[in-house]
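Single-structure report; data block below.
No lab work stands behind these numbers, since they all come straight from the coordinates. All of these numbers come straight from a predicted model, not from anything done at the bench. When we count neighbours, we look across all protein chains shown, and the Cβ atoms used for this are built from the backbone with ideal geometry, even at glycine.
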Amino acid sequence: MKTINIRVNCVYLTFAISLLVGLTAASRSTAADSRTPNQSQPWMNKALPAGQRANLLLRAMTLDEKITLVHGAGYPTPLKAYAGYVPPNTRLGIPALKLGDGRAGVGNGAKDVTLLPAPIAASASWDTVLMNAFGRVLGEEEWGKGTNVALGPTIDIVRVPEWGRAFETYGEDPYLNGQMAVAEIKGIQSQGPIADANMYLTMNQETHRFRQDSVVGERTLQEIYLPPFQAAIQQGHVGTIMCAYVKTNGIFSCESPHLLSDFLRNELDFSGWVMSDWGATHSTVAAVRAGFDQEMPSGRYYGQALKTAVENGQVSTATLDEHVRRILVTMFRHGLFDRRQPGNWNTNVRTAEQALFSRKAAEQGMVLLKNQSNILPLAGNRSIAVIGADGGTKPLAEGGGSSHVVPPYVVSPLEGIRKRLGKGAQLGYSDGSDLAQAADVARRAAVAIVFASAPESEGSDRPNLELPGNQNELISSVASANPNTIVVLNSGGAVLMPWIGQVRAVIEAWYSGQEDGNAIAAVLFGDVNPSGKLPLTFPRTAMEIPTNAPRQWPGVDGRSVYAEELDVGYRWYDARHIQPLFPFGYGLSYTTFKLTHLIISPQKLTGGQSLNDARVTATVSIANTGRRAGAQVVEAYVEQPKTNGEPPRQLCGFAKVFLRSGETRDVTLTLNRRAFSIYDVQRARWKSPAGTYELLVGTSSRDLPLSTRITVQR
């Protein structure tokens with residue numbers, strides 16, 4: 001039996017990193033620049049610390065030069081190739097800031113780039129090595145296109161299942177979101193660009209996003225919505241954070257002293273800079289005093305208005321200098337003054353290796369939700385009917401809005417399946433617009449595969465969780481005609497499945513990127529053993545969701561009340577003993593696994609210990625008891641004493657492990673003290689109340705066969 005130790009997450013997708021090692025070295029080498037400092041520009045001395053260089057430069061800047069740095073140059077930008085732009089200062093050698101959109105690839109209309117799967121798909125892999133490689137590919141292509149500030153990742157919690165940007169983020173759990181954010185941020189920043197964690201804070205819906213007020217309690221902010229940003233700052237060392245459009249408790253995000261100063265600066269010790277979402281700035285003096293640094297995309301409030309406020313004494317020069325200094329320190333820290341970028345907006349940054357990674361990422365994120373009588377994987381010689389526009393003429397490979405990427409190509413499922421079957425295959429197709437015709441095509445095949453999709457985009461939430469159009473009727477019609485019906489879903493989040501009892505198998509493929517059809521075919525035919533897990537809950541009905549009251553979503557009179565408090569996502573279902581259609585963390589495989597022998601150390605903690613000086617290790621044996629090699633995710637949850645007022649159980653660690661048939665390994669998870677703590681609002685601090693805590697380990701939030709207890713003493 002082999003033993004592996006995992007600090008936070010164990011992952012097996014090392015091939016993705018090896019694909020990128022050569023690319024990374026070449027990029028960093030090309031980017032190197034030996035700029036020589038002179039006596040007139042001592043801040044160009046790379047041997048000096050970033051803070052000292054920033055101080056030297058700041059002393060040389062005029063008021064106008066400082067003002068120029070704290071706002072964008074307008075939109076469309078002067079270069080018309082980036083979402084945001086701050087012009088260079090040639091007198092002082094300050095490089096331009098070129099800010100680029102794109103969560104699944106380089107955005108802003110760029111050509112010759114790679115369309116990756118949506119971030120929710122990468123998160124469904126529960127694999128931080130894959131997510132780090134995702135960030136490296138994205139960061140390398142952004143850098144190659146001239147971008148030096150990448151406007152991502154989106155790390156907000158999926159509170160509302162209908163949220164139009166669910167596909168951009170990582171799911172509904174603070175711990176999972178935080179660990180995925182850390183991995184992607186490190187990947188992006190390793191390639192040159194400064195990453196930007198967004199959107200801060202409580203940006204959990206698109207409906208009325210420019211004026212909506214999130215009414216949320218302090219404990220809920222601390223325990224649910226702030227942790228991903230804390231991880232991004234303290235573990236990922238993210239360079240910038242984007243404040244959101246929405247208000248939180250009556251104050252716009254970009255002028256909230258509580259969010260910007262109390263949380264970011266004082267509590268989390270964030271040393272980077274805060275920029276606004278595009279048009280999210282609403283004031284000059286209030287925003288400056290709150291701790292807000294840079295207005296985007298223009299200078300309505302931080303241009304002449306800010307200069308005037310400094311000149312008339314409303315804003316002190318020292319306060320302005322602090323905002324400028326945060327930007328400069330981050331630029332120096334990330335090497336923007338010291339390295340030239342290898343290309344520009346017209347550079348072709350696509351490679352065969354990155355296309356291969358896009359396919360592998362899509363494969364690893366797919367979740368097998370149902371597989372009745374092991375109809376999957378398919379045998380290669382069976383006749384197949386492909387049904388639905390998403391399967392042929394209109395594959396939905398990405399989400400919309402600022403995440404949009406111009407793909408070099410998109411392989412449709414029909415193309416991918418045809419290629420996989422080879423010559424002589426019996427392959428029928430119907431776009432599904434005519435239900436009778438679709439049923440007839442399905443009836444004449446051994447297996448019918450219906451491809452259904454639910455579009456998402458920035459700017460609007462989905463009206464409900466139903467598949468749009470006639471897709472539910474299409475699935476039922478095909479299932480009635482062919483008992484061997486399989487459904488493949490392309491969505492950015494949960495959908496309702498009234499037909500679930502009529503079909504043999506269901507795969508959630510998310511938005512799979514440019515290799516959509518090839519990746520789906522690989523999973524359908526067993527070339528890849530599915531190992532994805534749901535990063536969010538799929539409900540049974542529209543009423544069985546945490547935000548089913550209008551005052552919660554979309555809100556009433558401009559206020560969205562977070563009445564569910566800590567019970568977000570799976571926590572709500574567990575607290576109310578409601579069985580979801582598919583629970584958080586769930587996903588099937590073509591092989592089987594067994595967990596045994598849970599051991600923890602230590603079994604007792606002292607309540608007086610700080611959150612940073614106590615760790616609990618949990619070791620469990622996992623065996624592949626099936627006939628195929630495959631990967632499984634070991635998930636750990638903590639159930640706190642009822643007197644703590646916490647949800648029934650909460651994710652606190654996970655590890656993805658690849659095992660050959662018959663292989664057994666020991667996996668060790670290291671759990672942070674935060675897993676055994678709650679936020680004390682009255683004392684404004686975290687604490688670990690005395691009592692008995694239960695640690696549960698399994699393969700989903702509803703499949704936790706192993707448990708043990710940990711005692712916290714006073």
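Taking amide hydrogens as placed 1.01 Å from N in the peptide plane, the amide H of Ile507 sits under 5 Å from those of Leu369, Val487, Val488, Leu489, each at least 5 positions away in sequence or on another chain.
Close amide H pairs (under 5 Å, H built 1.01 Å from N) link Gly84 with Leu99, residues at least 5 positions away or on another chain. Quantify how much of the Cα-Cα distance distribution of region 388-449 extends past 19 Å, in percent. Percent of Cα pairs beyond 19 Å in region 388-449: 41.
Rounded to whole numbers, the Karplus 3J(HN,Hα) couplings from phi for region 386-397 are 9, 10, x, 4, 5, x, x, 7, 9, x, 8, 9 Hz, using 6.51 cos²θ - 1.76 cosθ + 1.60 with θ = phi - 60°, and x at Gly and Pro. Taking 20 °C and 1.002 mPa s as conditions, region 14-333 diffuses translationally at an estimated 108 µm²/s according to Stokes-Einstein applied to its Kirkwood radius (Cα pairs).
Between the amide H of Val616 and those of Leu671, distances stay under 5 Å, these residues lying 5 or more places away or on another chain, with hydrogens modeled in the peptide plane.
Rg over Rh of region 49-118, using C-alpha atoms and the Kirkwood radius, what does it come to? Walk me through the intermediate numbers first.
Numbers: Rg = 15.5 Å, Rh = 14.1 Å.
Over the Cα atoms of region 49-118, Rg/Rh equals 1.10.
Among 295-305, 554-564, sorting by the average number of other beta carbon atoms lying within 10 angstrom of each residue, highest first, gives 295-305, 554-564. Each residue of region 557-562 was assigned a 3J(HN,Hα) from its phi angle through the Karplus expression (A = 6.51, B = -1.76, C = 1.60, θ = phi - 60°), giving 6, x, 10, 9, 8, 7 Hz with x at Gly and Pro. Expressed as an acute angle from 0 to 90° and rounded to the nearest 10, what is the orientation of the C-alpha long axis of helix 471-481 relative to the principal long axis of the chain? Between the helix axis and the principal axis of the chain, the angle is about 20 degrees. Against the chain, whose longest principal axis comes from its Cα atoms, helix 128-144 is set at around 50 degrees.
Peptides 114-123, 89-98, 188-197 ordered by packing proxy, namely the average of other Cβ atoms within 10 Å per residue, highest first: 114-123, 188-197, 89-98. All C-alpha pair distances within region 601-714, sorted into 5 Å bins from zero, spread as 2, 11, 21, 22, 16, 11, 7, 5, 3, 1, 0, 0 percent across the bins.
Here is the link list: Lys111/Lys307; Lys46/Lys145; Lys98/Lys307; Lys370/Lys656; Lys145/Lys360. Which ones come out longer than 27 Å on Cα distance?
Numbers: Lys111/Lys307 38 Å; Lys46/Lys145 25 Å; Lys98/Lys307 23 Å; Lys370/Lys656 21 Å; Lys145/Lys360 24 Å.
Result: Lys111/Lys307 exceed 27 Å.
When each of the peptides 312-322, 637-647, 351-361 is scored by the mean number of other C-beta atoms lying within 10 Å of its residues, the order from highest to lowest reads 351-361, 637-647, 312-322.
Rounded to the nearest Hz, the phi-derived 3J(HN,Hα) couplings of region 529-546 under the Karplus curve 6.51 cos²θ - 1.76 cosθ + 1.60 (θ = phi - 60°) are 8, x, 9, x, 10, 5, x, 8, 7, 9, x, 7, 9, 5, 7, 8, 9, x, where x marks glycine and proline.
Shown here is the pair-distance distribution of region 367-561: with all Cα-Cα distances grouped in 10 Å bins from zero up to the longest one, the shares run 9, 35, 35, 15, 5, 1, 0 percent.
Axis of helix 14-31 versus longest Cα principal axis of the chain: the two differ by about 30°, to the nearest ten degrees.
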